[in-house]
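Undergrad: Quick one: structure below, then a few questions.
The values are calculated or read from the model by the stated rules, or taken from the named source; none is laboratory data. Here the structure is a predicted model, which means the values were calculated and not measured. Reconstructed Cβ throughout: ideal geometry from the backbone, glycine too, with neighbour counts over all protein chains shown. Heads up: the accessible areas ignore ligands, DNA and RNA and are worked out on the full protein's heavy atoms, side chains in. Shrake-Rupley method; radii C 1.70, N 1.55, O 1.52, S 1.80 Å.
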Amino acid sequence: MPDFIDLAGASGAAYRFRRLAPESLPATAGNLVVAAGRTGRRQVVLCAALPSLSQAAAAAARALKGHPAAGLYVRLNVARAVRDAEHADLLAGEASGAETLGSD
C-alpha cells in the first residue's frame, strides 16, 4: 500500500492524501478516504470531511473490515470552506459512489 495517493476531483484538481493507521486519527479537521486499488482502478469506499477526523473512526473501521485490501488516507486542513469544497469535488470525481461522512 502506498504512503500517498492522489485523487482527482471533478474539477480536474488532484488532492494528495497520506496513509495513516486507523488508531492514529487526529482530532484535527480534514478530509479522509478509505481506498483500495491503483490509480485509474482505485475504489474509494469512504469519503469524509469532518471538523475532527477522530469522528470517522467507527466508519473507517467498518470500511476497512469490509475491504481488507483498502487503506486509510487523510488530508489535513483546517478551513471549513476548503474542506467542504474539496469533499464536494472528490464526490463528483474519483470518489463518486463512496459512503460519505460530513459535508454533503
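Undergrad: Collect the residues in the range 5-33 that are closer than 22 Å to Ala92 by Cβ and without any contact (Cβ under 8 Å) to a residue 40 or more places away in the chain, keeping them in residue-number order. Please lay out each step first, then the result.
TA: Looking only at the range 5-33, we keep the residues that are closer than 22 Å to Ala92 by Cβ, and these are 5-17, 29-33.
Across the range 5-33, the qualifying residues are Asp6, Gly12, Ala14.
Undergrad: Go through (1) modelled with pLDDT of 95 or more; (2) open to solvent by less than 60 Å² (accessible area, probe 1.4 Å) one by one and return the number of the condition Arg19 breaks.
TA: So Arg19 meets the others, but not (2).
Undergrad: Just wondering, is there one or more residues in the range 74-82 that are modelled with pLDDT of 95 or more, under 12 Å from the mean Cα position of the chain (by Cα) and closer than 17 Å to Asp6 by Cα?
TA: Of all residues in the range 74-82, those modelled with pLDDT of 95 or more come to 74-75.
From the residues that got through so far, the ones that are under 12 Å from the mean Cα position of the chain (by Cα) too are 74-75.
From the residues that got through so far, the ones that are closer than 17 Å to Asp6 by Cα too are 74-75.
Yes, there is a match, as at least one residue in the range 74-82 is modelled with pLDDT of 95 or more, under 12 Å from the mean Cα position of the chain (by Cα) and closer than 17 Å to Asp6 by Cα.
Undergrad: Any idea which of Arg80, Arg75, Arg41 is closer than 17 Å to Ala8 by Cβ and open to solvent by 70 Å² or more (accessible area, probe 1.4 Å)? Steps first, please.
TA: Values: Arg80 fails: closer than 17 Å to Ala8 by Cβ; Arg75 fails: open to solvent by 70 Å² or more (accessible area, probe 1.4 Å).
Selected residue: Arg41, the only one of Arg80, Arg75, Arg41 that is closer than 17 Å to Ala8 by Cβ and open to solvent by 70 Å² or more (accessible area, probe 1.4 Å).
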